[in-house]
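J.: Structure in structure tokens, see below.
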Amino acid sequence: MNAEQTTCARACLEAAETDAMAFPDIVGKLIGAGFESYAIDFRRGSALYYLPSGESIELAIATEPTPVEEHFNTADLLEAIREAQSRAPGYSYKGFCRKAKAAGCAGYLVSFSGRRAVYFGRTGETHVELFPQ
């Protein structure tokens, strides 16, 4: 991984956490830098950015100490996802993370080539969200 890719990953994480850039723009920047996917782990407090070569970088995320609920509530998670997609009034990424954890989401993987995000719960439940066409 080169310095530009490391800088890009850090900048995209910061832009998400400060609501300075929308998800589609972040995805575009990461793809442009050569990344193939990234994963957010709410329990560990980390973001991992992956290159096709297998190289990766792990960064700490600025999470609030909200525990991940035990039961995966797809309806509540979908509500949080829809708010994010529509950039609903009052939306923030930190608020999304809080709502996702309250819905039992332990983390998510975003695959650029697969054009999807896979959200997962503590006991392996999943919800797959395809990128809009």
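J.: Hey, can you grab everything whose amide H is under 5 Å from the amide H of ARG122? Only 5+ residues off in sequence or another chain; H modelled, so Pro and N-termini drop out.
T.: Here the answer is ALA106, since their amide H atoms fall under 5 Å of that of ARG122.
J.: Related question: Please report, in debye to the nearest 20, how large the charge dipole of region 1-50 is about its Cα centre when each Lys and Arg carries +1 at its beta carbon and each Asp and Glu carries -1 there. Write down the numbers at each step before the final one.
T.: Values: 4 positive and 7 negative charges, 33 e Å.
For this selection, approximately 160 debye.
J.: Where nothing but the Cβ of Lys and Arg (+1) and of Asp and Glu (-1) is charged, how large is the charge dipole of the chain around its Cα centre, in debye to the nearest 20?
T.: It works out to roughly 100 debye.
J.: Compute the angle between helix 74-86 and the longest alpha-carbon principal axis of the chain, please, reported from 0 to 90 degrees and rounded to the nearest 10.
T.: Taking Cα atoms only, the helix is inclined about 50 degrees.
J.: Shifting gears a bit: May I ask for the Kirkwood hydrodynamic radius of the chain, worked out over all distinct Cα pairs and given in angstroms to one decimal?
T.: Evaluated on the chain, it is 14.9 Å.
J.: Can I ask one more? Between the helical axis of 23-32 and the dominant principal axis of the chain, each derived from Cα atoms, what acute angle in degrees is found, rounded to the nearest 10?
T.: Taking the Cα atoms of the chain, the angle to 23-32 is about 30 degrees.
J.: Once phi is turned into ³J(HN,Hα) by the Karplus curve 6.51 cos²θ - 1.76 cosθ + 1.60 with θ = phi - 60°, what whole-Hz value does each residue of region 116-123 show in order, with x for glycine and proline?
T.: 3J(HN,Hα) across region 116-123, in whole Hz: 7, 10, 10, 9, 9, x, 5, 10.
J.: With a Cα-only, solvent-free Debye model of region 25-103, what are the log10 I(q)/I(0) values at q = 0.16, 0.17, 0.23 Å⁻¹?
T.: For the requested q values the scattering log ratios are -0.72, -0.80, -1.15.
J.: Where Lys and Arg each count +1 and Asp and Glu each count -1, what net charge lies around ALA80 among other residues with Cβ under 14 Å from its Cβ?
T.: +1
J.: Of ASN73, GLY95, THR123, which is farthest along the charge dipole of region 61-129 in the positive direction, counting Lys and Arg as +1 and Asp and Glu as -1 at C-beta?
T.: So the residue furthest toward the plus end is GLY95.
J.: Considering the convex hull of the alpha carbon atoms of region 75-118, report its projected area averaged over all viewing directions, in nm², one decimal.
T.: Taking the Cα atoms of region 75-118, their convex hull projects to 3.2 nm² on average.
Where a number appears in this text, it was derived from the coordinates with a stated rule and is not lab data. Keep in mind that this is a model prediction, so the values were computed, not measured. FYI the Cβ positions are ideal-geometry reconstructions off the backbone, even for glycines, and counts take in every protein chain you see.
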